[in-house]
Amino acid sequence: MNWLLLLEQVLNGFQLGMLLFLLAAGLTLVFGIMDFVNLAHGSLYMMGAFFCATFSEWTNSFLFGALLTIPATFILGVVVEMVALRRLYSRNHLDQVLVTFGLILFFNELVRLIWGPVGLDIVLPDFLNRSVEIIPGVPYPIYRLAIIVLGLAVALLLYWIISKTRLGMLIRAGASNREMMGALGINVQLLFTLVFGLGATLAGIAGLMAGPILSVEIGMGRSIIILTFVVIVIGGIGSIKGAFIAAIVVGIIDTVGRSFLPDILKLMVSSDAASTAAPAISSMLIYFMMALVLAIRPQGLFPPKGVA
Amino acid sequence: MFKKLALASVIALATSSVFAGEPIKIGFVTTLSTGAGVIGQDMRDGAELALDQLDRKMGGSDVTIIYEDDGFKPEIGKQKTDKLVKKDKVDFVSGYIWSHVLMASYKKVVDNDVFLIGSNAGPSTIAGKRCHENFFSTSWQNDQNAMAMGEVLNQRGIKRLYIMAPNYAAGKNMVAGVKRTFKGEVVGQDMTKFPAQLDFSAELAKVRAAKPDALWVFYPGKHGVQFLKQYSQSKLAKDVPLYNIFTIDNLSLPRVGEWAEGSLMTQFWAPNLDTPANKRFVDGFKEKYDRYPSFYAAQSYDSMMLIDSAVRKVDGDVSDKDAVRAALTEADFESVRGKINYGNNHFPIQDFYLTKVIKDSDGVYTTEIVKKVLSNHQDPYASKCKI
């Protein structure tokens, strides 16, 4: 066993976990509090990446581009909520799935019209486009470290908002008991708009951070959004803490599994068969874990108070 | 006497309608939506250029071409192919970027006695056991480019090789291909999930830990862009040089040129390949679309020219399948690679070159031929084909 490699893979897993957490936090806020199934969350992630690519080009700076993307995705989220989603809260989940699926198609076509089919690239500034040896002998890209740091920072900020502010108090109340909140005279409409905007912003941040690693493409949210749903189911729907822990666990299992499973399988079958089977099995690992969690704790590992 | 005359005139009428009136119908299945839509666009542009240069006529008949989008999915490709064959009643089907899409659609075409002119994917089963007299390729069999690359690695003294490719039909063929000719040791191999996996950090970390002499990859389309970007960010280049096939092409070069300059790959074609037909193709393409064509466009161009050569030989009468098949096998036209000689399995027997990413005199990134690696190369599955 190569311990340095294992350590590096855990770091890679952590970095994937941070991206997943940003997506899952937004999704679980909307799903847990508004009881609204938003399949188009991945589209907001995509829009974040496209905004960032465009703003970076305008301002000639990735950092300014990233800063401008945050309000832009918030506004986009608010607009989408007011125009398309507001009248769907009272409808059942199936209707919501249908409409938000339509939104996915809408956003994909919108992006194709505005930016064309080729996709964009976000160029990193030199100081982010380097590596450091935080583990001796293993240069690790600074940008991936930056994702981890920023992810942790956003997690802390969210923790502060949710546990210490009035908005957070309302969000927690909403996750536990929506009817009561309305009965107490809270402006639920406004709260929902704000929460949706916050969720969109988090997706946008995930998108802008993923942009420089992955390229900015139409439909880029599709593959990651499924993992994100897995994360919130494992973590407990509506729980930020659950999303945080589950995202890291899923990120690490996915990365470490992908990395070491071929070698483990090679002990049992031929190396060609192992390298072919390993990616399939490692992507199944996460679903096994979800099934296991659902069997033991159907409400997820850390459900919000009052739900369990 | 009168009866005979009537019969003769009926026959004359019937056949003349076949000869002159009926347009030649071609179906073209490719990927026009999703992130891979750029490739399909390039294929369509290549085919359109060929039709323009033929004045949109083949053997005196008008040509109708119907483009269908497979959406990067085998099941949709199969549906669209079915529609082309059953409803549109096309005479030829061409296109197909992806091996798994071609495999799903293949039987629908050849079993209905329609000709399939594959203009990219060349999976091994179609070259071998499941070859069919109605299938012709204007590209290559998947293994061949990789086999050429294996030779290059030997020539360059690479002893320890790390392999990365996506886990689908073509990826497996390409890996099998490089292992056929590479004489050193394969110290690591990762087959990544396709098309879902776009982050290769875990695999690149393994490459670094394995300390190979070289890294060999096959990542077509957008995966190539992502891979190159992450390879460049990982700073592996100074320790582990990259050898690739179909990862960098004239579609991705405007985006990745900066990181890819000097990269080596193997291919049957490059824009500067010196044949009269290729010059006509590349110049025409640059004039019409204002960019370099990719090999996808070159193959699609050839597929239209191949169909034209066959239709011309039979004077536009495509109802005689045997005659058309014989004419296709002869491939009597100037391909962008020179003359095509078909093997028994209807894959071209052709040369493969080592090519390199360069900046041309206008500052545009493109690929250029360095030297010939394999001459008159036939794919290794031809002997398993019973035609």
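Tabulated results
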{"read-out": "A:Ile252 vs. criteria out of contact with any Ser or Thr (no Cβ under 7 Å at 6 or more places or on another chain) and surrounded by 21 or more Cβ atoms within 10 Å (Cβ to Cβ)", "value": "no"}
{"read-out": "Total residues in region A:78-110, condition among the acidic types (Asp, Glu) and within 17 Å of A:Gly204 (Cα to Cα)", "value": "1"}
{"read-out": "Filtered residue count, region B:172-181, keeping only those that are surrounded by 23 or more Cβ atoms within 10 Å (Cβ to Cβ) and either touching a strand residue (DSSP E or B) at 6+ places or on another chain (Cβ under 8 Å) or over 15 Å from B:Asp379 (Cα atoms) (or both)", "value": "3"}
{"read-out": "Qualifying residue in region A:87-104 (condition: touching a helix residue (DSSP H, G or I) at 6+ places or on another chain (Cβ under 8 Å) and of a type in the set (S, T, N, Q))", "value": "yes"}
{"read-out": "Matching option when the condition is away from every other protein chain (no Cβ under 14 Å), part of a helix (DSSP H, G or I), closer than 20 Å to A:Ala146 by Cα and not acidic (Asp, Glu), among A:Leu44, A:Leu68", "value": "A:Leu68"}
{"read-out": "Selection within region A:250-285 - out of contact with any Gly (no Cβ under 6 Å at 6 or more places or on another chain), among the hydrophobic types (A, V, I, L, M, F, W, C) and within 12 Å of chain B (Cβ to nearest Cβ)", "value": "A:Ile253, A:Phe260, A:Leu261, A:Leu265, A:Ala273, A:Ala274, A:Ala277, A:Ala278, A:Ala280, A:Ile281, A:Met284"}
{"read-out": "Residue list for region B:142-170, restricted to those being under 16 Å from the mean Cα position of the chain (by Cα) and surrounded by fewer than 24 Cβ atoms within 10 Å (Cβ to Cβ)", "value": "B:Ala169"}
{"read-out": "All strands (runs of 3 or more DSSP E) inside region B:145-240 with 1 or more residues being facing chain A (nearest Cβ under 10 Å)", "value": "B:160-166, B:185-192"}
{"read-out": "Test: residue in region B:305-313 that is among the charged types (D, E, K, R), buried (at least 20 other Cβ atoms within 10 Å of the Cβ), at pLDDT 95 or above and part of a helix (DSSP H, G or I)", "value": "yes"}
{"read-out": "Pairs with Cβ under 7 Å, 6+ apart, first in region A:128-157 and more than 14 Å from chain B (Cβ to nearest Cβ), second part of a helix (DSSP H, G or I)", "value": "A:Leu150/A:Met209; A:Gly151/A:Met18; A:Gly151/A:Phe21; A:Gly151/A:Leu22; A:Val154/A:Leu22; A:Val154/A:Ile205; A:Ala155/A:Phe21; A:Ala155/A:Phe244"}
{"read-out": "Residues satisfying the stated conditions in region A:111-122, i.e. over 22 Å from the mean Cα position of the chain (by Cα) and either more than 11 Å from every other protein chain (Cβ to nearest Cβ) or surrounded by 17 or more Cβ atoms within 10 Å (Cβ to Cβ) (or both)", "value": "A:Leu113, A:Ile114, A:Trp115, A:Pro117, A:Val118"}
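The values are calculated or read from the model by the stated rules, or taken from the named source; none is laboratory data. Remember, predicted model here, so these are calculated numbers, not experimental data. Don't worry about glycine lacking a Cβ; one is built from the backbone with ideal geometry, like all the others, and counts go over all protein chains shown.
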